[in-house]
Amino acid sequence: MEKIRGFEVAKGWEDKNINLPIRKTKHSAGYDIEAAEDVVISANKNIPTLIKTGIKAYMPNDEYLLLCNRSSNPKKKGLVMANSVGIIDCDYYNNPENDGHIMFAFYNVKDEDITIKKGECIGQGIFQKYYLADNDNAEGERQGGFGSTSK
């Protein structure tokens, strides 16, 4: 079968019992993404906590993976995504720095620490198509992993 878009376990996580994202209903847009390990997100911390997923995503060159917070996270757990949404570009897959390992960045706005357990759903990924502007001439090549687009 030809690979078009999907998820794989990232290098270094092969023996950690990582579940690949799935949609829970036939009309869901998002694939539920789980935490790869237990993590504590400190209360009112001024820097985001990265939650590892142990997965990476592949897709066509004109698509990206939109990372969104789980709708219940802000109210139930006080977790908000540090960047509101995440963008996983197609060239993040298999990058030499971290193999394309996807992570979510969260702030905890509650007054108590929040524990996320391995296997707990932390967000969703939605594959999206994007379009180029007239006269686009981007020729750069990705050289790194998380947060490397502007380097």
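The values are calculated or read from the model by the stated rules, or taken from the named source; none is laboratory data. These numbers were taken from a predicted model, which means no experiment stands behind them. Neighbour counts are summed over all protein chains in view; Cβ atoms, including those assigned to glycine, are modelled from backbone coordinates with ideal geometry.
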Provide a single number: the residues in the range 16-42 that are over 19 Å from residue 117 (Cβ atoms) and not aliphatic (A, V, I, L, M). 7
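Hand me the list of strands (runs of 3 or more DSSP E) wholly inside the range 78-134 holding 3 or more residues that are over 14 Å from the mean Cα position of the chain (by Cα).
Output list reads 114-116.
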First in the range 68-96 and among the hydroxyl-bearing types (Ser, Thr, Tyr), second anywhere and assigned to a helix (DSSP H, G or I), Cβ under 7 Å, 6 or more apart: none
The range 101-129 residues that are farther than 12 Å from residue 53 by Cα and in contact (Cβ under 8 Å) with a residue 12 or more places away in the chain, paired with ones that are polar (S, T, N, Q) and part of a strand (DSSP E or B) (beta carbon under 6 Å, 6 or more apart): 106/49; 114/108
Can you say whether residue 80 is of a type in the set (A, V, I, L, M) and modelled with pLDDT under 95, as far as the supplied structure shows? no
Pair list, Cβ < 9 Å and 6+ apart or interchain, from the range 46-67 residues that are farther than 13 Å from residue 86 by Cα and in contact (Cβ under 8 Å) with a residue 24 or more places away in the chain to residues that are among the polar types (S, T, N, Q) and part of a strand (DSSP E or B): 49/108; 63/128
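Conditions (1) of a type in the set (Asp, Glu); (2) surrounded by 17 or more Cβ atoms within 10 Å (Cβ to Cβ); (3) more than 21 Å from residue 3 (Cβ to Cβ), marked per residue:
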position	(1), (2), (3)
88	no, yes, no
96	no, no, no
106	no, yes, yes
109	no, no, yes
113	yes, no, yes
117	no, no, yes
124	no, yes, yes
Can you pull out the strands (runs of 3 or more DSSP E) entirely within the range 1-73 that have at least 2 residues that are more than 12 Å from residue 102 (Cβ to Cβ)? 39-41, 63-69
Some residue of the range 11-25 being within 14 Å of residue 124 (Cβ to Cβ), among the hydroxyl-bearing types (Ser, Thr, Tyr), surrounded by fewer than 16 Cβ atoms within 10 Å (Cβ to Cβ) and over 17 Å from the mean Cα position of the chain (by Cα): yes
